[in-house]
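The values are calculated or read from the model by the stated rules, or taken from the named source; none is laboratory data. Computed from a predicted structure; not experimentally measured. With ideal geometry, Cβ positions are generated from the backbone for all residues, glycine too; neighbour counts draw on all protein chains shown. Surface accessibility is based on the protein's heavy atoms, side chains included, excluding ligands, DNA and RNA. Shrake-Rupley method; radii C 1.70, N 1.55, O 1.52, S 1.80 Å.
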Amino acid sequence: MSTLFGLTFCVHTFGCQMNKHDSERISGMLEGLGATSVATIEEADIVVFMTCCVREAADVRLYGQVASLKNVALRPQTPLSKRIVAVGGCIGQRDGEKLTRDLPHLDVVFGTHNLGSLPALLMAAIDEGGHQVEVLDASSSFPTELPSSRELAWAAWLPITIGCDNFCSYCIVPYVRGREKSRPLEDIAAEASGYVAAGVKEITLLGQNVNSYGRDLYGAPRFADVLDVVDAAGIERLRFATSHPKDLTDEVIERFATLRSLQPALHLPVQSGSNRILAAMNRRYTREHYLGLIEKLRAACPDIALSTDVIVGFPGETAEDFEDTYRIVEEVGYHQVFTFIYSKREGTPAAQMVDDTPREVIQERFDRLVDLVQRKAFELNQPEAGRTVPVLVEGTSKRDASILMGKSPKNQTVHARIPQGVRIEDLAGTIVNVRVDEARTWYLSGEIA
Ligand code: SAH
Ligand code: SF4
Ligand code: F3S
């Protein structure tokens, strides 16, 4: 088989934006070979799982999902005698061959370094049967050299680095994504210009730590240079994720004041507010350094919306350590906080640390933190009531098809009634002004101005 004409596929994606972006590349490749994307497993001849191993029990869930596929009937018109099931992403990279021993009816396993091999592996599985497994130790090329099929026509993810060199002591990502590699500035500029020409309104630059961009490239271009070239390409809205506080420079902070396209929102993971725990996490910054960054960011862009990640219950976290975390979350004031309970990842340094805090104590800390996060998010949204904000429309609200849903510059979700006689298809991807009349914890609502 050398094409996939007549076949259907669906990709199920877990984990971070890096995986979501890889899934867009997979869809692009499979569509390029003639296959058609479908929404459900029932309709799909080929099912691809893009997996994540950061979250607890991710493998247990994956095993359950793959095993349950046995009971899903084939699509009536399928030319295949069986459904082809592939597992890729970070669990594929970590477990490789072992997955086919635990899940005998799995057909294909691939890793994070060889997305481009997936079509050949699928074709071999269709023609020859058996288990087709390929997991490589490192990437020879950037996945951006592969075609892409974007989830939203007007928003694009643009990877500028892959991999991670930071080895935070709890984190599995450096082991499943490999060493950090930067993409040449010219390639990034060319891709950004292509997106602008194609009508894309928003670009999100991606990397596990975008701030360390360029160290491995000739001439050592810096992340601020990337921001400048993408802004110069004429994009309407520019965002990036993720930033490591140890590498966020004054130069980048200043861009929040000077670059037209850079949106007033920043995700800056703090992980903990305790210097002792930050050191044990190998984060290489202190609470004081982090707060200093926040001060500079607010000086450059007074209305900036901040979001963060926090881990509760890291090995050895005491009541005082947690209070430090609680206080820093209160002091900074985040629009959004992604809260995680620490979970041990085999092979990481933290897995060797004494971890004896009772589960109930950690849960109680976690619940207190979540309460604070909600209270703060509600408070911080209140000044939006009465303001008019430009909203990039994504589609309708999940609950009500007469309400549009979009994003403000600060990345807040905004709802507004769709005007009589206007079709959502014509609004999606455009920027409309919404006068906010109510600010809730997780969204703003109002009327089109
Ligand atoms: N490169 C990004 C994202 C890494 S993973 C960054 O550095 O911010 C996303 C989040 O998952 C991390 O920020 C961390 O808060 C959380 N996380 C990672 N490993 C974890 C673990 N073992 N237990 C609990 N949370 C974890
Ligand atoms: Fe993991 Fe730290 Fe790298 Fe983020 S910076 S991916 S938390 S090792
Ligand atoms: Fe998960 Fe892999 Fe991203 S482990 S967080 S999908 S890099």
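Here are some notes:
- Low-density loop cleavage sites - GluC sites (Glu not before Pro) in the range 128-178, where at most 16 other Cβ are within 10 Å (DSSP): Glu151
- Relative contact order of the chain, pairs being alpha-carbon contacts under 8 Å that are 6 or more residues apart, as %: 9 percent
- Volume per residue for the range 152-263 equals 104 cubic angstrom (convex hull of Cα atoms).
- What the Cα atoms of the range 118-177 give is an Rg and a Dmax of 15.9, 43 Å.
- When Rg and Dmax are taken over the Cα atoms of the range 253-332, they come to 13.8, 44 Å.
- Whole-number Å³ per residue for the convex hull built on Cα positions in the chain: 159 Å³
- Listed cross-link partners Lys296/Lys344; Lys20/Lys407; Lys82/Lys181; Lys20/Lys376 are compared with a 27 Å cut-off, the Cα-Cα value being larger for Lys296/Lys344; Lys82/Lys181; Lys20/Lys376.
- Whole-angstrom Cα spans of the range 1-69 along principal axes, big to small: 38, 27, 21
- Rolling a 1.4 Å probe across all protein chains gives Phe314 an accessible area of roughly 0 Å².
- When you restrict to C-alpha pairs under 8 Å that are six or more residues apart and normalise by the size of the range 1-113, the relative contact order lands at 26 percent.
- What the Cβ-Cβ distance of Lys98 and Lys20 gives, at R0 = 25 Å and to the nearest 0.05, is a FRET efficiency of 0.50.
- Pairwise label distance in nanometres, Ser37 with Glu438, each label 7 Å out on the Cα-Cβ vector: 3.4 nm
- Max mean-square fluctuation residue, GNM over the chain, Cα-Cα springs under 10 Å, options Ser274, Ser149, Ser397: Ser397
- Taken over the C-alpha atoms, the range 8-134 has Rg and Dmax values of 13.2, 38 angstrom.
- Phi to ³J(HN,Hα) by Karplus 6.51 cos²θ - 1.76 cosθ + 1.60 over the range 359-364, Hz, x for Gly, Pro: 3, 5, 5, 5, 4, 5
- Computed on the Cα atoms alone, the convex hull of the range 385-448 gives a volume of 73 cubic angstrom per residue.
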